[in-house]
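Let me begin by presenting the structure, written as structure tokens, before commenting on it.
The values are calculated or read from the model by the stated rules, or taken from the named source; none is laboratory data. Predicted, not measured: the structure shown is a model, and the values here were computed from it. Cβ: placed from backbone, ideal geometry, glycine included. Neighbour counts: every protein chain shown.
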Amino acid sequence: MRQSASRWRNAAAGLAAAGLLTLGPGTPGASAAQAPRIDLKVLVVDNGDSPVRAITEELKTTGIPYTTVDLNDSGRPTITEAFLSDTVGGAPRARYQGVVLPNEAPFGSGSAEQTALEAYERTFGIPQVDAYTWAHPEVGLDYTGDGGWSGPLDGREAAVTTAGRAGFFGYLDGQVTFEDNSPSIQESYGYVARPREGFTSYVDIAVPAGTGRGSLVGEYAHDGRRELVVTFAYNHHQQQFRVLARGIVEWLTQGVHLGQNRNYFAVHVDDVFAPDSRWDTERNCTPGDFDCPGGDGEGTTPIRMTAADAVYAAQWQQTSGFTLDMVYNAGAGEEWKSQHGGTDALTGQLLADKAEYRWVNHTYTHPFLGCVQDTATVPWSCAKNADGTTRYMSRADISAQIRDNQQWAAGHGLPVDSTELVTGEHSGLKTLPQQPDDNPNLAGALADNGVKWTASDNSREPKQRSVGAALTVPRYPMNVYYNVGTAQEMTDEYNWVYASAADGGSGVCESNPTSTCLDDPLDAATGYASYIAPQEARIALGHAVSNDPRPHYVHQSNLAEDRLLYPVLDKVLAGYRALYAANTPLENPRQSAIGTELQRRAAWQRAVTDGGVTAYRVGTTVTVTAPPGTRIPVTAPEGTRKQLLLGTTEFGTPYAGRLTTWTTPEPLQTALKLTLP
């Protein structure tokens with residue numbers, strides 16, 4: 001087999017030299033007789049540095065199969081011709097459609113492994129990404145001393161070039177600003193250099209302290225090979241990488257690969273119709289909470305939207321082009337109405353605008369659905385039965401909370417999806433440390449009411465899991481607190497949590513430092529607008545541009561009084577629209593769609609990990625087989641068609657200049673087949 005493959009490669013090399021044959025993904029016109037089989041899998045050569053790890057994470061979250069060769073593992077396989085290619089049914093096969101390297105020559109220039117890899121890329125037309133390297137002629141760039149520059153890129157603005165917009169970075173539509181989250185820390189270092197012959201810059205930057213522009217990301221075509229050369233350092237969490245990662249991966253796969261990547265942003269507003277307790281700025285706690293001694297909250301004005309707040313919410317949605325998910329407690333609203341003369345302008349206004357929102361069941365009165373809480377001590381504990389077992393809320397009581405809220409919605413014409421649920425405080429699910437297991441009555445109550453998707457807290461349980469027949473949908477908590485109505489209250493509580501004890505804070509940061517800990521307390525009058533809102537917007541935008549569909553959650557109190565949520569959302573949406581072209585809209589799915597997406601991703605990852613997926617391209621035909629019933633994520637160029645037993649049909653939906661979808665083989669077909677344009 002090896003001899004046969006070598007003869008084919010020698011012949012192909014001769015034809016390529018004569019200008020008669022071009023191989024690889026960039027040759028849709030090649031006939032099946034000419035074209036080799038190219039498996040839809042990526043080879044990652046990992047040296048442990050963050051740039052390679054970042055690209056690997058991007059491949060994983062997209063759903064692209066990959067094989068890793070760890071350079072730090074003494075038992076790793078050797079890169080040889082046989083490792084990279086073979087023959088199948090007498091035809092040559094390339095095992096990998098693209099190669100990710102730490103730099104341009106990690107095995108050493110001229111070494112046997114480097115030579116084998118370069119010959120493979122040349123023979124099959126396989127693209128190579130140099131995850132991070134410096135500017136020098138061997139990668140098609142002048143030295144930085146020749147009109148370039150090297151140094152920290154924090155806060156600097158890069159831009160997609162005309163060539164980048166015409167190619168795989170065409171989903172971007174503006175400047176890409178490098179993060180500068182701390183003036184005392186260097187966050188990203190880079191080499192800005194002038195391209196040489198054969199180099200096409202896709203992302204460049206004005207040369208600091210110089211003239212003209214220099215490349216940060218570009219393609220170097222030479223010696224029958226193509227390299228994507230990246231000359232700035234990064235990790236997977238940095239926004240500049242997250243924004244550019246799609247283009248890097250699309251270039252690596254030439255726009256034909258398994259998996260798909262979209263940008264998502266959904267926001268759940270909990271406690272709609274119900275009031276929320278208010279933070280006590282003197283006692284640094286919330287009256288009525290178990291850990292706030294000296295008051296039960298009586299006499300403290302709760303925070304609740306007004307009819308004017310509801311009008312503003314509907315108008316904001318129309319102006320922003322974004323839909324909120326209203327997570328409602330109808331019974332709490334009815335209790336409020338009965339305590340305030342039997343009328344409620346807020347409920348009336350929200351019901352008048354009910355079609356403007358998506359609605360999610362949050363139980364009727366927002367009780368704790370887990371164990372019965374014993375509040376005799378702080379923190380609380382689970383009450384016990386006489387036999388010492390944990391005392392839980394019953395299945396009947398949980399079911400009533402779900403059912404009564406659904407029935408109220410039906411009676412008032414709310415467009416509710418009964419398969420969705422958010423329990424109060426995500427209760428019923430395990431709550432560490434007091435309740436290490438789910439309420440055993442929860443799964444049955446969910447089934448009784450047709451609930452398939454129940455929310456969980458992503459900060460506690462980031463992975464989707466089953467609760468009986470239902471699945472969780474992890475949600476990101478936003479640092480816009482439920483118990484504040486004004487910017488000053490928000491800043492006061494934020495200072496209490498994140499300032500040092502010496503500065504009047506809780507001291508939590510001394511024992512458990514986080515990235516949100518403060519060097520100095522924020523100004524009560526300006527801290528929210530100048531610090532908290534921009535930081536929360538940056539975090540949320542980071543999630544939105546990371547192919548992460550998980551929703552964020554806040555509370556109705558954040559739409560009341562100072563309306564603290566809107567500055568955050570406005571910054572997220574404005575930041576997104578400044579970055580992305582119109583062909584890459586921000587997806588805004590509801591909870592059931594998010595749950596379905598996470599479920600499909602998990603099933604796909606299992607199929608890939610278990611070796612149940614085979615995918616390859618021969619000329620203009622892509623063939624994919626997977627375990628029966630598995631939905632297959634595919635990304636392909638616009639114009640791609642899905643093959644039927646007779647003829648073809650449309651494939652996928654447009655996104656970021658590509659077609660993407662979850663799909664399966666057609667009836668009577670054992671494999672998914674696509675015809676590329």
For the stretch 209-224, enumerate the residues that are among the small types (G, A, S), assigned to a strand (DSSP E or B) and in contact with a helix residue (DSSP H, G or I) (Cβ under 9 Å, 6 or more places away or on another chain).
G218
Taking interchain pairs and intrachain pairs at least six residues apart, which have beta carbon atoms under 6 angstrom, with the first residue in the stretch 249-263 and under 12 Å from V129 (Cβ atoms) and the second of a type outside the set (A, V, I, L, M) and in a strand (DSSP E or B)?
L252/G98; T253/G98
Over the stretch 267-296, the set of residues assigned to a loop (DSSP other than H, G, I, E, B), surrounded by 15 or more Cβ atoms within 10 Å (Cβ to Cβ) and without any contact (Cβ under 8 Å) to a residue 24 or more places away in the chain is P287, G288, D289, C292, G295
Going residue by residue through the stretch 258-267, is there one that turns out to be farther than 30 Å from K41 by Cα and outside the structural domain of R196 (by TED's automatic domain parsing)?
yes
Can you confirm whether the stretch 631-643 contains a residue that is of a type in the set (A, V, I, L, M, F, W, C) and at pLDDT below 95?
no
Hey, does the stretch 303-321 have a residue that's under 23 Å from G413 (Cα atoms) and among the β-branched types (V, I, T)?
yes
Can you tell me which of (1) under 20 Å from A233 (Cα atoms); (2) more than 27 Å from the chain's Cα centre (by Cα); (3) touching a residue at least 60 places away in the same chain (Cβ under 8 Å) is the one R213 doesn't meet?
(3)
Of all residues in the stretch 608-622, which are closer than 13 Å to K60 by Cα and surrounded by 14 or more Cβ atoms within 10 Å (Cβ to Cβ)?
V608
Are there any pairs with C-beta distances below 7 angstrom linking a residue in the stretch 134-149 that is hydrophobic (A, V, I, L, M, F, W, C) to a residue that is surrounded by fewer than 18 Cβ atoms within 10 Å (Cβ to Cβ), with the two at least 6 apart or on different chains, and if so which?
A135/Y143; L141/R196; W149/V207; W149/P208; W149/A209; W149/G210
Number of the exception - T123 against (1) among the hydroxyl-bearing types (S, T, Y); (2) within 21 Å of P51 (Cα to Cα); (3) surrounded by 16 or more Cβ atoms within 10 Å (Cβ to Cβ):
(2)
Residues that are under 29 Å from Y655 (Cβ atoms), at least 2 per element: which strands (runs of 3 or more DSSP E) completely within the stretch 41-147 meet that?
42-46, 66-70, 98-101, 128-130
Could you check how many residues of the stretch 551-574 are touching a residue at least 24 places away in the same chain (Cβ under 8 Å) and either part of a helix (DSSP H, G or I) or touching a Phe, Trp or Tyr at 6+ places or on another chain (Cβ under 6 Å) (or both)?
15
Name the single residue that is surrounded by the fewest Cβ atoms within 10 Å (Cβ to Cβ) among those in the stretch 482-492 being within 30 Å of N361 (Cβ to Cβ) and out of contact with any Ser or Thr (no Cβ under 8 Å at 6 or more places or on another chain).
T486
Hey, which of the helices (runs of 4 or more DSSP H) in the stretch 298-371, taking only ones fully inside, have at least 2 residues that are within 30 Å of the chain's Cα centre (by Cα), at pLDDT 95 or above and polar (S, T, N, Q)?
307-320
Evaluate the stretch 611-620: report whether one residue or more is more than 30 Å from D86 (Cα to Cα) and either in a strand (DSSP E or B) or at pLDDT below 95 (or both).
no
It is to be established whether one or more residues within the stretch 40-48 are at pLDDT 95 or above, closer than 19 Å to H257 by Cα, surrounded by 15 or more Cβ atoms within 10 Å (Cβ to Cβ) and of a type in the set (K, R).
yes
Pick from the stretch 412-442, criterion among the polar types (S, T, N, Q) and touching a helix residue (DSSP H, G or I) at 6+ places or on another chain (Cβ under 6 Å), ranking: farthest from A274 (Cα to Cα)
N441
Assess whether Q591 counts as being surrounded by fewer than 19 Cβ atoms within 10 Å (Cβ to Cβ), farther than 30 Å from T491 by Cα, under 22 Å from the mean Cα position of the chain (by Cα) and at pLDDT 95 or above.
no
Looking only at the stretch 58-83, which residues are more than 30 Å from V545 (Cα to Cα) and in contact with a Leu (Cβ under 7 Å, 6 or more places away or on another chain)?
I79
Residues that are at positive phi and in contact (Cβ under 8 Å) with a residue 24 or more places away in the chain, drawn from the stretch 459-512:
G468
